[in-house]
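Trainee: My questions all concern the structure below.
The values are calculated or read from the model by the stated rules, or taken from the named source; none is laboratory data. What you are looking at is a predicted structure, and each value in this text was computed from that prediction instead of being measured. So basically every Cβ, Gly included, is an ideal-geometry build from the backbone, and we count neighbours across all protein chains shown.
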Amino acid sequence: MAQPQALANATAHSTAVPTVRKISLADLADALRKGVDDFVAMPSHVVFLCFLYPLAGLLFARIAFGYELVPLLYPLAAGFALVGPIAAIGVYELSRRRERGLHASWREAFGVLRSRSLPAIAALGGVLLAILGAWLLAAQTIYETNFGTVPPVSLTQFVTDVLTTRAGWNLILVGNAVGFLFAIAVFVISAVSFPLLLDRRVSFSTAVGTSLEAVWENPLVMTVWAMIIAGLLVLGSLPLLMGLAIVLPVLGHSTWHLYRKVVNADGNPRPGQWPRRKGRRFAADFPSALVPWTR
């Protein structure tokens, strides 16, 4: 009789809806401080996790130049902010493990691929990718509305047309306004949803709903947080996007700690320790740690 009762309690516990707290700017500052502390403690991990992020940016830039997609170069660079939460998933996991005093290494970072919430994480990631695609389509439409379908002859001509003509000014104004709306949509649905999915056994709708509630209950703090994200992403993008290798992990770690402050700790957290094989490990094993499925 005890076992069915325990099972019922566990089921009710796992379906508990997370509750949201009101937080202050001091909590936001503390989350940023803890995020920087995590980055300092685990720099080798997070820099590698985010290395593909600026590399992908450079690749897209090269494609844009090679296929006369110069008008989409800026939208592509700005669009990476829309999928930043996807790139930071491994960073959230590292902060989660360090917070619990668990071992945090490459293997545990990629262990999110074995999470029970992986389908919901993939679904949310798909939503963000769809939003990115919609943004690029909108950016192309705005450009063609102002300059027509003929691509610019050169990068110099494109920059001159954008900065010195009425059509260019209209492109800047309308394009940034529309991009701002896309950024808001991504922010409100992903502010705490990815960390929540990593930490709890909750559904896609519960994670997104909790994120919406977190923004609704903390409008000032979340607005400041969104401005900080935007500012740091701009700074990280300036040196050919390479600064994102530092900015993105810091933001990722900070997002985890902000989630822990916003979302009530009650609920059914995901187990903190992934099954690991026993045995001695050597420094020479480092490359294989990047591809744990080969071990």
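Trainee: Can you name the number of the only condition in (1) in contact with a Ser or Thr (Cβ under 9 Å, 6 or more places away or on another chain); (2) buried (at least 21 other Cβ atoms within 10 Å of the Cβ); (3) without any contact (Cβ under 8 Å) to a residue 40 or more places away in the chain that Met222 fails?
Mentor: With respect to (1) in contact with a Ser or Thr (Cβ under 9 Å, 6 or more places away or on another chain); (2) buried (at least 21 other Cβ atoms within 10 Å of the Cβ); (3) without any contact (Cβ under 8 Å) to a residue 40 or more places away in the chain, Met222 is out only on (1).
Trainee: Given (1) under 30 Å from Arg114 (Cα atoms); (2) surrounded by fewer than 20 Cβ atoms within 10 Å (Cβ to Cβ), identify the lone condition not met by Phe194.
Mentor: (2)
Trainee: Next up: Can you tell which of Arg96, Arg107 is modelled with pLDDT of 80 or more, of a type in the set (Lys, Arg), touching a helix residue (DSSP H, G or I) at 6+ places or on another chain (Cβ under 8 Å) and under 30 Å from Ala207 (Cα atoms)? If you could, list the steps in order and put the result at the bottom.
Mentor: On the way: Arg107 fails: modelled with pLDDT of 80 or more.
None of the others qualify; the one that does is Arg96.
Trainee: When you check Phe158 against the structure, is it under 29 Å from Ile86 (Cα atoms) and touching a residue at least 12 places away in the same chain (Cβ under 8 Å), yes or no? Spell out the reasoning first.
Mentor: Values: under 29 Å from Ile86 (Cα atoms): no; touching a residue at least 12 places away in the same chain (Cβ under 8 Å): yes.
So Phe158 fails the test.
Trainee: Right, next: Among the residues of region 114-161 satisfying the criterion of being outside any helix (DSSP H, G or I) and more than 22 Å from the chain's Cα centre (by Cα), which is modelled with the highest pLDDT?
Mentor: Gly148
Trainee: Among the candidates Gly90, Gly101, single out the residue that is farther than 30 Å from Leu173 by Cβ, modelled with pLDDT under 90 and in a loop (DSSP other than H, G, I, E, B). Full working, then the answer.
Mentor: Values: Gly90 fails: in a loop (DSSP other than H, G, I, E, B).
The conditions single out Gly101.
Trainee: Still on this structure: Does region 183-233 hold any residues that are among the hydroxyl-bearing types (Ser, Thr, Tyr) and either farther than 22 Å from Ser24 by Cβ or within 14 Å of the chain's Cα centre (by Cα) (or both), and which are they? Outline the logic, then answer.
Mentor: Step one: list which residues in region 183-233 are among the hydroxyl-bearing types (Ser, Thr, Tyr), which gives 190, 193, 203, 205-206, 210-211, 223.
Passing the criteria: Ser190, Ser193, Ser203, Ser205, Thr206, Ser211.
Residue by residue, here is whether (1) among the basic types (Lys, Arg); (2) more than 16 Å from Pro85 (Cα to Cα) holds:
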{"position": "Pro195", "(1), (2)": "no, no"}
{"position": "Val202", "(1), (2)": "no, yes"}
{"position": "Ser205", "(1), (2)": "no, yes"}
{"position": "Gly209", "(1), (2)": "no, yes"}
{"position": "Val224", "(1), (2)": "no, yes"}
{"position": "Ile229", "(1), (2)": "no, no"}
{"position": "Val247", "(1), (2)": "no, no"}
{"position": "Gly252", "(1), (2)": "no, no"}
{"position": "Lys261", "(1), (2)": "yes, yes"}
